[in-house]
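Q: My questions all concern the structure below.
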């Protein structure tokens, strides 16, 4: 249908709305459109949640031997196995994101000592190269992204999804502009476009995440939110594997 035909139909509906019967027809039409849209969106979210549950259960079962080995290695550094950190999720709700502990026990107490080493080019995110607080085991599980595996539990709980914008820290959200807060309109994910370095939308594109500054991260997250689909999620998950293997997530 051409733009002229669409415009003519809209004008006809508006003209017919000048009488009671026309207004009723227009109202019914608008309501039907809203119901149809809500059904499509709700159905997609329901399927996405079902995939998240099935995939997280399968991953936790299949990877259980790996998880046990990593837990034993982390425990050998004399400290808790898991690191629980407050993150901001869907619509600004806070939750505890799980990771295998990769830093020394008093890492938070030494935060101010390493903050001057921040190399991020913006005031929101923090990027510290060769962080002295990282343990030997922690350096390995970070490089291979194995420290992120406990987040399958967050996915199972419904706090996260497999794919979505990475959950920010509360101190980062406090610096967000209104435009930046758009990335909180969906559940946060374990992986996303800027995590795998996909900037141009290429089918085989995988880049290094640390070359993407915060404003572009927001832009890519919004792009994902506006065009998300199950097929898109699957492609991002597939790209995450080479991104890990080639150290792009480090």
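Q: Compute the Rg to Rh ratio over segment 169-250 from the alpha carbon atoms, using the Kirkwood formula for Rh, and round to two decimal places.
A: 0.96
Q: Express in whole angstrom the spacing between the alpha-carbon centres of segment 158-182 and segment 87-113.
A: Each part reduced to its Cα centre gives a spacing of 14 Å.
Q: Can you compute the FRET efficiency between residue 85 and residue 58 using 1/(1 + (r/R0)^6), with r the Cβ-Cβ distance and R0 = 25 Å? Round to the nearest 0.05.
A: Calculated value: 0.50.
Q: Also: With a 10 Å Cβ neighbour count serving as the proxy for reagent exposure, in which order, fewest first, do 135, 144, 86 appear?
A: If I rank by nearby Cβ atoms, fewest first, I get 86, 144, 135.
Q: Want the number for residue 213 to residue 78: 0.36 nm per residue separation, take away the alpha-carbon distance, what's left?
A: Working it through step by step, the gained length comes to 45.1 nm.
Q: Let me ask something else. Assign one of three labels to segment 19-245, namely rounded, prolate or oblate, based on the Cα gyration tensor with a ≥ b ≥ c the square roots of its eigenvalues; rounded applies when a/c is under 1.5, prolate when it is not and a/b is larger than b/c, and oblate otherwise.
A: Because a/c hits 1.5 or more and a/b exceeds b/c, segment 19-245 counts as prolate.
A short reminder: the numbers here are calculations on the coordinates, not readings from a lab. Note that the structure is predicted; figures quoted are calculated from it, not measured. When we count neighbours, we look across all protein chains shown, and the Cβ atoms used for this are built from the backbone with ideal geometry, even at glycine.
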